[in-house]
Structures are given as C-alpha cells and as structure tokens.
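Below: the structure, in structure tokens.
The values are calculated or read from the model by the stated rules, or taken from the named source; none is laboratory data. Model, not experiment: these values are computed from the prediction. For neighbour counting, all protein chains shown are included, and Cβ atoms are generated from backbone atoms with ideal geometry for every residue, glycine included. Ligands, DNA and RNA are stripped out before the accessible areas are found, and what is left, the full protein with its side chains, is counted by its heavy atoms. Shrake-Rupley method; radii C 1.70, N 1.55, O 1.52, S 1.80 Å.
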Amino acid sequence: MTESAEKPGMQAGSLYRRKPVFAVAPMIDWTDRHCRYLHRQISRHALLYTEMVVADAIIHGPRDRLLGRDASEHPVALQVGGSNPAKLAEAVRIAEAYDYDEINLNVGCPSDRVQSGTFGACLMLTPETVADCIASMKRVSKAPVTVKCRIGVDEQEPEQALPELITRVLDAGADAVWIHARKAWLKGLSPKENREIPPLDYEIVYRMKQRWPDVFIGINGGIQTLDQAEAHLAHVDGVMLGRTAYQNAAILADVDHRFYGEPSVEPDWNDLRDRMMAYTERHIEQGGRLQHVARHMVGLFTGLPGSRRYRQILSTDANKPGAGPEVIAAAFAAVDFAGEGERVSA
C-alpha cells in the first residue's frame, strides 16, 4: 500500500525514461478520482489515467470537479479529448495548475459522443490534425504529451494508417504512443462492441516498436492477466490494462513487485479497508455520498470466498440514505482472504 502523498519515483520529465511502464487505462465513467485513489492504495507505481475530459469542458466547465484529484495519485495522467489545437492548448494551460505527470490525447474512443465532435478515433482519419494538436499541446505543457490511438478505423489499412499517424505525432513532439491493438469501426458497432469484436493484432504494435526502437510504445487491448502483460513487455515498453484492472483491482497488488522491482509482500487488506473508510468519510463530509466511492470497490475481491456477499453489501447498503464508512467495514468482514475461514479483523 502507498504510504504517502509524495510522487513515487516518476517525476514528470522522466515518466517515460523508466521502463517498463504498467498503466491502468482511461475509462469513461470509471477511472474518476475515487477509482484512482483506490488503485493507488493497491499499487504505488502503476501509471493511472483520468477519464477522458473534453477540452471545451476544461475551458468552460467546473475545473476543480473535472481536474481535481487526491495528492496521492502520482504518477497520474490526464487524458483530453478534442480536435482544435488552440482549444487543446488552452485546456493544457489550465490543467498545469493540477500537476499531472502526463497529458494524453485521445485518438481511439469510438463513441457517438466523440464522433459528433469529430475527435477520438475519428482523428485516425486526419493524422495531420493530430500532429497539429500535439504540437500545440507540447508548446504549453511541462509534462510529457502522449497519444493513445487505435491501429486504424473503418476501411483503413493499419499497415499504412498507423505508421503515418506515428510518424506525424513524433515529428510534432509526442513523447510516447499507446496503441490499442484493434481497429475501431465508427459505424455499425457500439463502443462495447468496438472493445470486443474487431480482432486484436498485437503483432502490428510489435512491428511499430521495431520500426521506432528509441520511441516509447505501449500496448493496450484484451490483456487479462499480469502474465500476459509481462509477455507483451518482451516486445514493447509499456502495457495497459483496462477493464480487467477495474473489475478485479486486487490484480494490482502484484504490479509493484512484477514490474517495478519492489519486494513481494502480502497485501494488507485491513490497511486498505481503513484507508478507504477514512477517504470515504472525508468525501461524505465534503458533501459526497458513499456510493461515489463504493461503486469502484465492488469487483475488488472477485473469486475469493465471501466475495458475493461483499458485492451485495457494497451494492445494496452503500445506496441507502445516510450510508457511511461502516458499510465498507461490513463488506470487508464478509471476505475470506485466507480461503480457510479467516476473515478481515474487526
């Protein structure tokens, strides 16, 4: 578990000089500040990402709500969405006050929302626009500026589209490229289907790393286990897990040992419980609700004896009026961590 709010090793300028990098993917409606706080309590070193925040929202919306975060989240990256270089630059200027370790441009989300705004995965069709956006962001950012993209969209040929995009963004100054190893289909598939139906092509991502050996290239898409993540790192510099890390966050407990050379230690689930209870109490005192935090914890102990009861308590009791941190204590008490009847201490 993390012990302090200080940045653990990765300073902004050196974020991608330390390899490998293990990251939890940006996920809309999921990787909010409460989710990231939970993940940081389990892994000290994993690179965390915000949800995508649209540049217009940063410029005109409630900045503290959109960009605010707990000091313990470092290393943490802000993912932004947009296609207007000037607006993206202004959003990055505003975000500087929030001290993110990386600014990432979304060039991969296929949702109707981003299609209507002609950004996200749509930008794969206009790599020159992506390059202009990166150049504008680089001019104002003190943190590394990176891209997260697909291998192509619709009828694009990935062997042509992906290298062209990478070439242009690197010429514009991008510090790293994260690649979701699937195409996105802008018409005919839902965002969920775009995460599952287009076939994975890890080999093309490996080839991009071979083509640009001195550039940080990370891989994302369909990675289910830390063993799979480790296998990818024989070919690329970073690996990013999405829904697997969210739906069973306990997988993050071995990240610091497997990828960052930390000693192997048994997770202190009592300590995690106490930290999450204290965090939730602060959130409630500031006008929040238990459910804002608890919803991210529901899948934490998937597969352990008692996990079903744990989920029931968090899903049901956290929604009740006046619910407080004691619900977290009750949920943890239902889990058999030893597998032989030993539960979290009171």
- [ ] Enter the angle in degrees (range 0 to 90, nearest 10) between the Cα long axis of helix 85-95 and the first principal axis of the Cα atoms of the chain, meaning the one along which they spread out most.
- [x] 30
Open item on the list: Between the stretch 234-310 and the stretch 312-329, what is the separation of their alpha carbon centroids in Å?
Closed with: 17
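Per residue, how large is the accessible surface of the chain? Use a 1.4 angstrom probe and give square angstrom. Walk me through the numbers before you get to the answer.
On the way: 14460 Å² over 346 residues.
Per residue, the chain has an accessible area of 42 Å².
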Task: Positive-end extreme of charge dipole, the chain - chosen from Phe301, Ala329, Gly81 (charges on Cβ) - done: Gly81
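How large a share of the accessible area of the stretch 21-260, in percent, is made up of carbon and sulfur atoms when the probe is 1.4 Å and the other protein chains stay in place?
Values: 4130 of 8680 Å².
The value for the stretch 21-260 is 48 percent carbon and sulfur by accessible area.
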TODO: Beta carbons within 10 angstrom, averaged per residue: use that to sort the peptides 328-334, 227-233, highest first.
DONE: 328-334, 227-233
- [ ] Any chance you could give the angle, 0 to 90 degrees and rounded to 10, that helix 33-42 forms with the longest Cα principal axis of the chain?
- [x] 70
Task: Pairwise Lys count, the chain - Cα closer than 20 Å, eight or more residues apart or different chains - done: 13
Task: Helical mean residue ellipticity (222 nm; -39500 (n - 2.57) per DSSP H run of 4+; nearest 500) of the chain - done: -10500 deg cm²/dmol
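Return the percentage of antiparallel bridges among DSSP beta bridges fully within the chain, rounded to the nearest 5 %.
Numbers: 1 of 36 bridges.
Around 5 percent antiparallel, to the nearest 5.
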- [ ] Rank-order 81-89, 154-162 by packing density, defined as the average count of other C-beta atoms within 10 Å over each peptide's residues, highest first.
- [x] 81-89, 154-162
- [ ] Enumerate the amide H contacts of Asn104 below 5 Å, restricted to partners 5 or more residues apart or on another chain; note that Pro and chain-start residues carry no placed amide H.
- [x] Leu78, Gln79, Val80, Thr146
